[in-house]
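J.: Handing you this structure, nothing more for now.
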């Protein structure tokens with residue numbers, strides 16, 4: 001307590017008012033009914049400093065709800081100015097929150113892509129996110145546009161860790177409503193090994209399979225040398241990969257109406273569903289029939305077109 005009496009600031013206040021500080025405070029607060037912030041304005045220091053000095057001098061404090069010069073203004077016709085209304089700031093990030101509520105070709109495609117190269121997760125703070133990742137920026141931009149999203153597309157480069165890893169693009173959307181809706185289709189966090197083929201209406205199977213194909217599918221078209229015939233032969237297959245065997249079996253069942261064969265391989269800790277040349281033609285018709293928008297990965301689409309030209313397949317509507 002000795003230090004406050006020796007304070008230069010306290011001595012200046014006492015010299016100005018010609019009274020000890022403890023006497024001044026008691027008079028102003030109890031006789032004149034001034035609040036701490038009014039006393040602070042009077043002596044030119046901050047309100048917290050006045051409150052601290054009251055405690056150090058052990059001066060009792062009146063209730064904050066008593067009538068004072070300030071709050072008496074609100075008892076009659078004269079009122080203090082009302083507080084400024086808080087400005088409600090619009091959330092900057094937008095997207096179609098109802099996108100997965102109704103089936104459409106676009107919805108089926110995006111859902112198929114999520115089953116392959118999409119993910120949902122909840123961070124430690126409880127926020128929910130839907131994400132898309134691909135080495136093809138083209139398809140991430142198309143999905144962003146389809147969802148009416150204004151989110152920024154991120155970029156990941158892990159080539160420093162492994163030279164074989166390609167650069168990838170990421171679109172991440174925060175939304176509890178979106179993530180909860182996707183749970184109805186079996187899309188949950190860490191889904192890779194457990195996901196099952198969702199219940200997709202037959203009308204939208206083609207769009208769904210195309211979406212999955214653009215994520216974890218591949219059209220193989222290349223030559224290899226056949227020793228027994230001493231010549232090169234063309235190989236043309238369509239493959240789907242997944243860590244979940246149940247998902248690929250479900251996909252296989254849903255395309256059996258259009259294909260005749262197919263076989264399942266276990267490879268590199270996952271599974272691959274492979275279709276031969278003729279089934280690849282059938283899958284092309286299924287996936288790209290009546291595509292009104294450009295919602296597909298053109299690189300993979302062009303592989304089919306190249307195969308059809310080289311093998312001289314006449315596919316209606318294909319240049």
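J.: Which of the residues spanning segment 124-138 are in contact with a strand residue (DSSP E or B) (Cβ under 8 Å, 6 or more places away or on another chain) and either over 24 Å from residue 196 (Cα atoms) or assigned to a helix (DSSP H, G or I) (or both)?
T.: 127, 135, 136, 137, listed by residue number.
J.: If you scan segment 179-209, which residues turn out to be part of a helix (DSSP H, G or I) and out of contact with any helix residue (DSSP H, G or I) (no Cβ under 7 Å at 6 or more places or on another chain)?
T.: Scanning segment 179-209 gives 179, 180, 183, 202, 203.
J.: Restricting attention to segment 110-142, report how many residues are free of Cβ contacts under 8 Å to residues at least 60 places away in the same chain, closer than 19 Å to residue 213 by Cβ and in contact with a helix residue (DSSP H, G or I) (Cβ under 8 Å, 6 or more places away or on another chain).
T.: 2
J.: Here is a further query. Just to be sure before I move on: is residue 209 within 30 Å of residue 312 (Cα to Cα), crowded, with 19+ Cβ neighbours inside 10 Å and more than 23 Å from the chain's Cα centre (by Cα) in the structure I sent?
T.: Yes; evaluated as a whole, the condition is true for this residue.
J.: Find the residue count for segment 148-190, including only residues that are under 18 Å from residue 92 (Cβ atoms) and in contact with a strand residue (DSSP E or B) (Cβ under 7 Å, 6 or more places away or on another chain).
T.: 11
J.: Still on this structure, please answer the following. Take the residues of segment 143-178 that are touching a residue at least 40 places away in the same chain (Cβ under 8 Å) and assigned to a strand (DSSP E or B): which is surrounded by the most Cβ atoms within 10 Å (Cβ to Cβ)?
T.: Among residues in segment 143-178 that are touching a residue at least 40 places away in the same chain (Cβ under 8 Å) and assigned to a strand (DSSP E or B), the one surrounded by the most Cβ atoms within 10 Å (Cβ to Cβ) is 171.
Read the figures in this text as sums done on the coordinates, not as results from a lab. As the structure is a computational prediction, the values presented were derived from the model and not from experiment. Positions of Cβ are backbone-derived with ideal geometry, glycine not excepted, and every protein chain shown enters the neighbour counts.
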